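K.L.:
One structure, as structure tokens, below. Some questions next.
The values are calculated or read from the model by the stated rules, or taken from the named source; none is laboratory data. Being a predicted model, the structure only gives us computed values, none of them experimental. With ideal geometry, Cβ positions are generated from the backbone for all residues, glycine too; neighbour counts draw on all protein chains shown. Just so you know, the surface numbers come from the protein's heavy atoms only, side chains and all, with ligands and any DNA or RNA stripped out. Shrake-Rupley method; radii C 1.70, N 1.55, O 1.52, S 1.80 Å.
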Amino acid sequence: YETIEKFPGRRVFLTGEIIHNPRVNERLRRMGIRFLSTDGRLDELPSEIGPADVVILPAFGVPAPTFDAIRLRGSILVDTTCGSVLNVWKNVERYAREGFTSVIHGKYEHEETRATASRALMYPGGRFLVVKHMEHAELVCDYIQSAGRGDLSAARKASFLSTFERSASPGFDPDRDLDRLGVANQTTMLSSDSLAIAGRLRQALVARYGEEGLGARFRSFDTICSATQDRQDAVERLVAEGVDLLLIIGGYNSSNTNHLADLGRRATPTYHIDSPECILGRDAIRHKPVGAKEEVITPDWLPVGHLTIGITAGASTPCPPKPARWAFC
């Protein structure tokens, strides 16, 4: 909003969604900001962008080559990359300088994770591997421990490379690149999952090289965004205090909001909605189930009788200017 005021009359571009909230992004479009991509993938900068234009980088950051391409055009850069993301980048760059493979807990298709992975390639020999969940981490750990036992084959290596074909650095070789690991994460993942994956990778390296060799082979830093962590802690407190159901408010493509819904549904009925209009009444609610691609309408979602309802929102969900009152009649 400040950029539009500061550069009146100039064309203003966004490389992708500023945050994963549809209402915010739609408001920006109405204000005249042009989006260069809808999914954050900007493989080639449009030729029309030049020195007179303003380009805003989103909270997720952009891959290093994209940043360099914009800078070389001479455009005015407005960098809104989140400080928590920058902290992850520093760790990944340090891993690359010191010869460690960055194992990134995240979703490779997510803008932030692609930007983070690109930082590893800024240094000669830099490499990365993205693991989406514990199942992926177990494949990595199994390969590390099997290599220590001499229990590997060409077929097993081919299967590993096939699994991580889209989420590993070019030329990745598990026989060479899994001996020194530095763990990082997409800042909006579940903290407990990231810590569990880091612990499992550490365990695998100990099993192969011994505890005494760990110092030279393993690095790990907790790089979950503080706003994300605060909300995850809040959901756990709500559940511990006892609620009959949870409403999680936020964009359906918001990673941190989806993780809040996943965390909540493990303990109590949870509905992920993206706006107040999703509450159709006592008899029906429109929401996105965890893991689903589309909204569904669930009938009879609000039980009759005295209820305690927990309400929270993702880190990218705008707050109302005044405290909101929620009434269920």
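K.L.:
With a 10 Å radius around each residue's Cβ, average the other Cβ atoms per peptide and rank 110-121, 215-226, 255-266, 235-246, highest first.
P.N.:
For the peptides 110-121, 215-226, 255-266, 235-246, the packing ranking is 110-121, 255-266, 215-226, 235-246.
K.L.:
OK, next. Which order do the peptides 127-137, 17-27 take when ranked by the mean count of other beta-carbon atoms within 10 Å per residue, highest first? Let's see the in-between values first.
P.N.:
Values: 127-137: 19.8, 17-27: 18.3.
Result, highest mean first: 127-137, 17-27.
K.L.:
How much FRET efficiency would the formula 1/(1 + (r/R0)^6) give for Val78 and Val296, where r is the Cβ-Cβ distance and R0 is 35 Å, rounded to 0.05? Before the final figure, lay out the partial values.
P.N.:
Numbers: r = 38 Å, r/R0 = 1.09.
With a Förster radius of 35 Å, E is 0.35.
K.L.:
Here's another thing I want to ask about it. Grab the alpha carbons of the range 178-301, take their convex hull, and tell me the volume per residue in Å³. Don't skip to the answer; put the middle values down first.
P.N.:
Numbers: hull volume 15.4 nm³, N = 124.
Dividing the Cα hull volume of the range 178-301 by its residue count gives 124 Å³.
K.L.:
Tell me which of Thr317, Met122, Ser169 sits at the most positive position along the dipole axis of the chain, charges placed on C-beta atoms (Lys, Arg +1; Asp, Glu -1).
P.N.:
It is Met122, whose Cα lies furthest towards the positive end.
K.L.:
Kindly sort Cys278, Cys82 by accessible area of their heavy atoms, largest first, with the probe set to 1.4 Å.
P.N.:
Result of the area sort, largest leading: Cys82, Cys278.
K.L.:
Mind checking the full-extension length gain between Ser37 and Tyr1? Use 0.36 nm per residue of separation minus the Cα-Cα distance, one decimal, nm.
P.N.:
11.0 nm
K.L.:
Sticking with this structure for a sec: Using 1/(1 + (r/R0)^6) with R0 = 35 angstrom and r between the beta carbons of Arg97 and Arg29, what's the FRET efficiency to the nearest 0.05?
P.N.:
0.30
K.L.:
Got a number for carbon plus sulfur as a percent of the range 152-308's accessible area, 1.4 Å probe?
P.N.:
51 percent
K.L.:
Let me ask another. If you take Kirkwood radius over Cα pairs in Å from the coordinates, which of (i) 22.9; (ii) 23.8; (iii) 21.8 do you get?
P.N.:
Structure-derived value, by its label: (iii).
K.L.:
While we're looking at this one, here's another question. With +1 on each Lys and Arg Cβ and -1 on each Asp and Glu Cβ, how big is the dipole of the range 109-265 about its Cα centre, in debye rounded to the nearest 20?
P.N.:
540 debye
K.L.:
How large is the convex hull of the C-alpha atoms of the range 1-120 per residue, in Å³? Don't jump to the answer; show the numbers that get you there.
P.N.:
Working: hull volume 12.9 nm³, N = 120.
Spelled out: Cα convex hull of the range 1-120, divided by residues, is 107 Å³.
K.L.:
Where the only charges are on Cβ atoms (+1 Lys, Arg; -1 Asp, Glu), what is the dipole of the chain about its Cα centre, to the nearest 20 debye?
P.N.:
Using only the charged Cβ atoms, the result is roughly 480 debye.
K.L.:
Please compute the per residue accessible area over the chain with all protein chains in place, 1.4 Å probe, rounded to a whole number of Å².
P.N.:
That works out to 49 Å² for each residue.
K.L.:
As a check on your grasp of the helix formula, calculate [θ] at 222 nm for the chain: sum -39500 (n - 2.57) over DSSP H runs of n ≥ 4, divide by the residue count, round to the nearest 500.
P.N.:
-11500 deg cm²/dmol
K.L.:
Given that compact globular proteins tend to follow 2.2 N^0.38 Å, what is the ratio of the alpha-carbon Rg of the range 97-239 to that value?
P.N.:
1.06
K.L.:
Mind checking which of Ala207, Ala155, Ser194 is farthest towards the positive end of the range 144-243's charge dipole, using Cβ charges of +1 (Lys, Arg) and -1 (Asp, Glu) about the Cα centre?
P.N.:
Ala155
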